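Have a look at the structure below, then the notes.
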Ligand code: ADP
Ligand code: MG
């Protein structure tokens, strides 16, 4: 059980700054997801918390105490990586017990902890197997078990599900969420997958090129993105961006109007904008219709199974003005 504070964290590799001052106060038991595209600095941030990378400026605090100078093993943190590299020649039991053996815990205590974790992870029947005799999901659970047995104050996850196929990823996502709830361990979880972020996070940090563009609860971030980057990254399909001039509006060069695909409707002749259908994707529960409006591609999301318009059809687009998001040339949201 612990609080975790990142206070104005910065990281440079040589003369290249890759983290530009990230701050967040994480409550005891909170599940925080760091989400952003590849290369934005997610792993670097996590590794600074773990003590695997030095901190260039700022402070990491666990339960209010600075840990910048502490060795990884003295931070009472457990990390689950993308390549969770189990020892191939060791049984599941020994893989889970390894860290505790190194720490010279008495054998009976190790057994009790491993068996408890195996119960939680439904690995009881597999304790004598070798990793190669397990499915991808079971291996992932062993990696989780290795972290759990240490009873850490903080869990760190770096894209732990990215090696699994799509269906298993969904299942493991639910398991991780449930496990984190049951254990109540403060968690910091890195992913590039915005759906994973939306479903797992109590709050998420949306990273853009080494900066935290926005921090908030998933639905708040979705409903009220503070930058064009966040509007384009969170939500699927992504937000449509239009130059205001297309609507005959005056705005500075580089300003954009954002409207989510689910907030666009096909209107009657004389609506706000006319587009020509490029293609349509009927997906059953929803349909995505892509249109060209001037030089811009615009996507409309329609709920339910319905007839989709044909290629080349000319349609009018409409929307409720309340759904418009205005962004300035610097990408910041303009309110009012
Ligand atoms: P992410 O996990 O979001 O994909 P990383 O944190 O791995 O991103 O990397 C962020 C940036 O820092 C990238 O531009 C990457 O090339 C750079 N970087 C990461 N580790 C090092 C390193 N050891 N030396 C130099 N540059 C690095
Ligand atoms: Mg990474």
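Could you put 114, 35 in order, starting from the residue whose Cβ has the fewest other Cβ atoms within 10 Å?
Sorted ascending by nearby Cβ count, the order is 114, 35.
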Estimated [θ] at 222 nm from DSSP helical runs (n ≥ 4, -39500 (n - 2.57)) normalised by residues in the chain, nearest 500: -7500 deg cm²/dmol
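With the cut-off at 34 Å, report for the chain the share of all Cα pairs above it, as a whole percent.
37
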Relative contact order computed over segment 4-232 (Cα-Cα under 8 Å; 6+ residues apart), in percent: 29
Antiparallel bridge percentage (DSSP; both residues within segment 143-263; nearest 5): 60
Kirkwood estimate for segment 1-127, i.e. one over the average of 1/r between Cα atoms, Å: 16.8
Exposure proxy order (Cβ contacts within 10 Å, fewest to most) of 157, 81, 13, 93: 13, 81, 93, 157
Share antiparallel - DSSP beta bridges, the chain, percent rounded to 5: 75
Residue exposure sequence - 189, 222 - by fewest surrounding Cβ within 10 Å: 222, 189
Among 231-243, 273-285, 101-113, 204-216, the order from most to least packed when residues are scored by Cβ within 10 Å on average: 204-216, 231-243, 273-285, 101-113
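Values in this text are rule-based calculations from the coordinates and carry no lab data. Keep in mind that this is a model prediction, so the values were computed, not measured. Heads up, the Cβs are rebuilt from the backbone with ideal geometry, glycines too, and the neighbour counts pull from every protein chain shown.
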